[in-house]
Amino acid sequence: MRTLLLGLSLLLALPTWAAAETDRPNFLVILCDDLGYGDLACYGNPTIKTPSLDALAKQGMRLTSCYASAPVCSSSRAGLMTGRTPSRVGVYDWIPAGNVMHLRRSETTVASLLHDAGYDTCHVGKWHLNGKFNSDEQPQPGDQGFAHWFSTQNNAAPTHANPTNFVRNGEPVGKQEGYSCQVVADEAIDWLKSGRDADKPFFAFVCFHEPHEPIASPEELVAHYGGAKKKGEALYYANVENMDSAVGRLMGALDQMKLAESTFVYFTSDNGPETLDRYRSAWRSHGSPGPLRGMKLHIYEGGIRVPGIVRYPGHIKPGSESDEPICGLDILPTLCELASVAAPTNRALDGASFAKSLQGEKVDRPAPLFWHYYNAISPAKVAIRDGDWKLVAHLAIGEKKVGGNFRPEMSQAIKQAKLTTLELYNLADDLAESNDLAADKPEVVARLAKQLQAKYDVVLAEAPDWEVIKK
């Protein structure tokens, strides 16, 4: 009897996500484009209607220290897919069409790991991990672990309305009727219902284009915001609401197919809201970073801290919140742990599994979170977060011009840039990063600066030189 009780106690002590090999969870990762920390009602937005995401947060856990792996789209996606700091894999910035920069075949993605472990896999929506889209010259979604893909290189074109640039498994599909987020949701739902192998668990990576410019929104939703001061504001608010309704349709499909209980859902954004005034007035973003400093293209919190909602019925307390810092880099190790799949050991991973944080525990993170974006529009271009402390650094890049779109000849200037001025913030007391404590806390600066320099050096040492690769 004592042996039986001991065995039972050990079984009960196992994490509740530990499952039999034949009962592994499904995964649905939903990624928005340029959705700000303050753009959802459940994150304090007083105007935008987001009932589906508000409901998802009540059913699961709202993450208040959720980070993207970069403050710009392609880099952020590269980090999420590989668990590696984007500069380490050479995706230094957003990727223009035709650019040499891409996620290389030598990288291992979460999709390929899950696919090789018996998962059916699907990518729907914005890809943006290559410049030569749908070309044999660079890897496509199908080469990175996705058995089915219905994707665009970057934005929905010409706008979110009736996009013409989707490609399904290598074949252009022509003009699609409707708005991009609904087109993306349609494809994902069709795949869930009839396109996948129902005998396998699934990983669906659903990447909305919304609310990235150029924005287009249904007039009936725009009408919800008749009190907006400008037409652009109403268009933006309606754009987020339209995306929210697409999320609601996805959740409804899981319910209808009785998959909700077995599916781990993770919702987030690739970076902060679009920086104001970068586009002509008709497309101007009205996204909100909430209480945070900066927006997209900033290493400050507004560029990298994003909404995050996770739902896993039976494993997460409904309506809970977590302020434990987690990052897009953590997706690969987390999904691997939940699926009982071995994460790669033949390369450095910068993310850590946050499975324990779903039950209120700390993430076992061997090194502070780290960000590097050489092309940030603010002086701060490198940062680490260790506990409540965040240290940011300016860069001295040298004489070689690095502005504008990435070009291969920039690689060495990026790799050789030196850390200069340091700023220190306590995020527990100063979420807006308005009080630089570097002069007051020299001992903290010294400790974190040593860690920052070491991480920066090892990342940039591995970072590829695209001028050499293109030859």
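The values are calculated or read from the model by the stated rules, or taken from the named source; none is laboratory data. Since we're looking at a predicted model, the values are computed, not measured. Backbone-built Cβ (ideal geometry, glycine too); neighbour counts: all protein chains shown. Surface areas here come from the heavy atoms of the whole protein model, side chains and all, with no ligands, DNA or RNA. Shrake-Rupley method; radii C 1.70, N 1.55, O 1.52, S 1.80 Å.
Structure values in brief
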| read-out | value |
| --- | --- |
| Backbone N within the stretch 127-149 under 15 Å of label point (7 Å from Met257 Cα along the Cβ vector) | 147-149 |
| Heavy-atom accessible area per residue - the chain, 1.4 Å, Å² | 38 Å² |
| Sulfur and carbon atoms: percent of accessible area, the chain [1.4 Å] | 52 percent |
| At least 24 Å along the helix axis (C-alpha) and Kyte average at least -1.0, DSSP helices within the chain | 231-256, 442-462 |
| R0 of 30 Å, Cβ-Cβ distance Ala413-Thr345: FRET efficiency to nearest 0.05 | 0.40 |
| Ellipsoid equivalent to the stretch 348-395 - semi-axes via the Cα gyration tensor, in Å | 26, 11, 9 |
| For the chain: Kirkwood Rh in Å [reciprocal of mean 1/r, alpha carbons] | 22.5 Å |
| Length gained when the stretch Ser320-Ala198 is fully extended (0.36 nm per residue, less Cα-Cα span) | 40.8 nm |
| Furthest towards positive pole of dipole, Ile397, Tyr373, Pro214, structure part the chain, Cβ charges | Ile397 |
| 15 Å reach of a label modelled at Asn405, 7 Å along Cα-to-Cβ, counting backbone N of the stretch 163-181 | none |
| Share of Cα-Cα pairs in the stretch 23-83 lying beyond 19 Å, as whole percent | 42 percent |
| Check: the chain dipole with +1 on Lys, Arg Cβ and -1 on Asp, Glu Cβ, in debye | 620 debye |
| Cβ-derived FRET efficiency at R0 45 Å, Lys230 paired with Glu177, nearest 0.05 | 0.95 |
| Spatial separation of Cα centroids for the stretch 141-170 and the stretch 56-82, in angstrom | 21 Å |
| Residues Asp143 and Gln451, FRET efficiency given R0 of 25 Å [Cβ-Cβ distance, rounded to 0.05] | 0.10 |
| Straight-distance crosslink candidates among aspartates and glutamates, where the alpha carbon sits under 17 Å from Lys356 and sequence neighbours closer than 8 are dropped | Glu321, Asp323, Glu324, Asp330, Glu337, Asp364 |
| Sum of -39500 (n - 2.57) over DSSP H runs of 4+, divided by residues of the chain (222 nm, nearest 500) | -8000 deg cm²/dmol |
